[in-house]
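One structure is given here, and the rest of the page talks about it.
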Amino acid sequence: MSPFSFETTPRIVCEQGAALRLPELLQSYQARRVFVVTDDGLLKTGVLEPALAALRRAGLEPVVHGKVLADPPEAVVLEAVRHAVDCGAQLVMGMGGGSSLDTAKLVALLARSPQALADIYGIGLARGPRLGLVQIPTTAGTGSEVTPIAILTTPSQEKKGVVSPLLYPDMAVLDSQLTLGLPPAITAMTGVDAMVHAIEAFTSRHKKNPMSDLYAVKALQLLHANIRTVVSDDRNADAREHMLLGSLMAGMAFANAPVGAVHALAYPLGGRFHLPHGLSNSLMLLPVLEFNLSHAQAQYAELGRAVLGETGDAHDAAQALIASLRNIVQAMPYAHNLRAAGIGADDLPTLASDAMNVQRLLTNNPREVQYADALALYQAAL
């Protein structure tokens, strides 16, 4: 066995209604002023109010910052950092989707250890220490609650990542009650996003290991079995709990065995056209699966056997996996090709050029991707 290391969030709480127990869960931090990072849309639904009220009743002081935007621009993150510093935040708590959780990571770091964002894009460049950090996802998709990664949009409309062990949260709280009523399209996009995390971690060319494989397989089993249910039934708390756990496990997998070409090609779609990250991944998933098949058939076959119970040879099991994923994606309530998402053929060369800049991820793909390949993949997704 090749040497490997595996890191993740040290404490994970999975419990329906756990958000109402936050005062108990936060006792060890000995923090009174809790800086809550979220977005305005989620605040307006009122879904967070019971948890916030529980904090207030316990004598804690939640300071809510509800200005996070999707694919958060640098300016949005820096505004949140200033707010945290000005209010004297003692603990940071992300509540929401991946953008809120990613923003919370950087707030916890930069409010305690100021440094320029431009200096810490990349791997292992951030300096600590940071404030305490608790993450509570309200979508089952990004797995950000167990990853050391925060993705931002730069002023040049590129999506860049800060990757550092400092960004692992102290605790992740999974409460499916917070995901009830999530619109079908968002449920679908985030669910497919999590499935991509599991698949790409399992086929990663670098750092793939027995533990990342274990979590990737279990994640895909949970997600594949429940995604249709949660898209059609927004009140099924048990199925949504399975999706949250699947998303978290996929996050644990790809935090240690990083993602590849699906994500690399998805990033320009978000950076230039502001497509939701889960939709971007879904649009690129099937073209990349077909592209990688010559190099990843054995791994796709393993997933096909684990998820679908396939008993045929590697070719048949791999094809069955791809067919099943195609059926799921095509049944989801959102755009199924780039053209339907507002992207034309003239946009593809620029997208391909942008994708080639995401070498941090492309290097993990089981098959090498050149510019001509990236362009062909976008054309296949058109």
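Largest first, the three principal axis extents of the alpha carbons in the stretch 11-179 are 42, 29, 26 Å in whole numbers. Among 63, 262, sorting on how many other beta-carbon atoms sit within 10 Å of each Cβ, with the fewest leading, yields 63, 262. Among 197, 263, 224, 65, the ranking by other beta carbons within 10 Å of each residue's beta carbon, starting with the fewest, stands as 224, 65, 263, 197.
For the chain, the mean residue ellipticity at 222 nm estimated from helices alone is -16500 deg cm²/dmol, where every DSSP H run of n ≥ 4 contributes -39500 (n - 2.57) and the total is divided by all residues, rounded to the nearest 500. Extending 7 Å from the Cα toward the beta-carbon at both residue 16 and residue 346 defines two label points whose distance is 5.2 nm. Modelled label positions at residue 339 and residue 1, each set 7 Å beyond Cα in the direction of Cβ, lie 5.0 nm from each other. Electrostatic tally near residue 99: other residues with Cβ closer than 15 Å to its Cβ, Lys and Arg +1, Asp and Glu -1, net -4.
Available extension along the chain between residue 78 and residue 368 is 100.8 nm, counting 0.36 nm per residue and deducting the alpha carbon span. Compared with the alpha-carbon gap, the fully stretched path from residue 64 to residue 326 is longer by 90.3 nm at 0.36 nm per residue.
Each Lys and Arg adds +1 at its Cβ and each Asp and Glu adds -1 at its Cβ; summed about the Cα centre, the stretch 200-262 shows a dipole of about 240 debye. Using Cβ point charges alone (K and R +1, D and E -1), the dipole size of the chain about the Cα centre works out to roughly 700 debye. Here the Gaussian network model covers the chain, with springs between Cα atoms less than 10 Å apart; of 132, 88, 161, 88 fluctuates the most. Backbone phi angles across the stretch 60-72, fed through the Karplus curve with coefficients 6.51, -1.76 and 1.60 (θ = phi - 60°), yield HN-Hα couplings of 8, 10, x, 9, 8, 10, x, 10, 5, 10, 4, 6, x Hz in residue order; Gly and Pro are listed as x.
Rounded to the nearest 20 debye, the dipole size of the stretch 184-381 about its Cα centre is 240 debye, using +1 on the Cβ of Lys and Arg and -1 on the Cβ of Asp and Glu. Taking Lys and Arg as +1 and Asp and Glu as -1, the other residues whose beta-carbon sits under 15 Å from that of residue 54 total -1. Taking 0.36 nm per residue of separation and subtracting the current Cα-Cα distance, fully stretching the chain between residue 119 and residue 24 would add 30.5 nm.
For the chain, would you read off the P(r) tail past 26 Å as a percentage of all alpha carbon pairs? Summing the P(r) of the chain above 26 Å gives 48 percent of all pairs. Result for the chain in a Gaussian network model with C-alpha springs under 10 Å: among 370, 157, 30, the largest mean-square fluctuation is at 30. In this entry, the stretch 293-382 is assigned a mean projected area of 6.7 nm², taken as a quarter of its C-alpha convex hull surface.
Average 1/r across all pairs of distinct alpha carbons in the stretch 184-381, invert it, and you get the Kirkwood radius: 16.5 Å. Over all other residues within a Cβ to Cβ distance under 10 Å of residue 268, the charged ones net out to -1, with Lys and Arg as +1 and Asp and Glu as -1. Considering only 222, 334, 136, the residue lying farthest towards the positive end of the dipole of the chain is 136, judged by Cα position with unit charges set on Cβ.
Bridgeable lysines around residue 207 (alpha carbons under 20 Å apart, same-chain partners fewer than 8 residues away excluded): 218. Excluding same-chain neighbours fewer than eight residues apart, the lysines reachable from residue 44 by a Cα-Cα span under 19 Å are 67. Largest mean-square fluctuation among 337, 292, 327, in a Gaussian network model of the chain whose springs join Cα atoms under 10 Å apart, belongs to 327.
Read-outs throughout are calculated quantities, based only on the coordinates presented, and are distinct from any laboratory measurement. Fair warning: this is a prediction, and the values are worked out from it, not measured in the lab. Note that each Cβ is placed from the backbone with ideal geometry, even for glycine, and that neighbours are counted across all protein chains shown.
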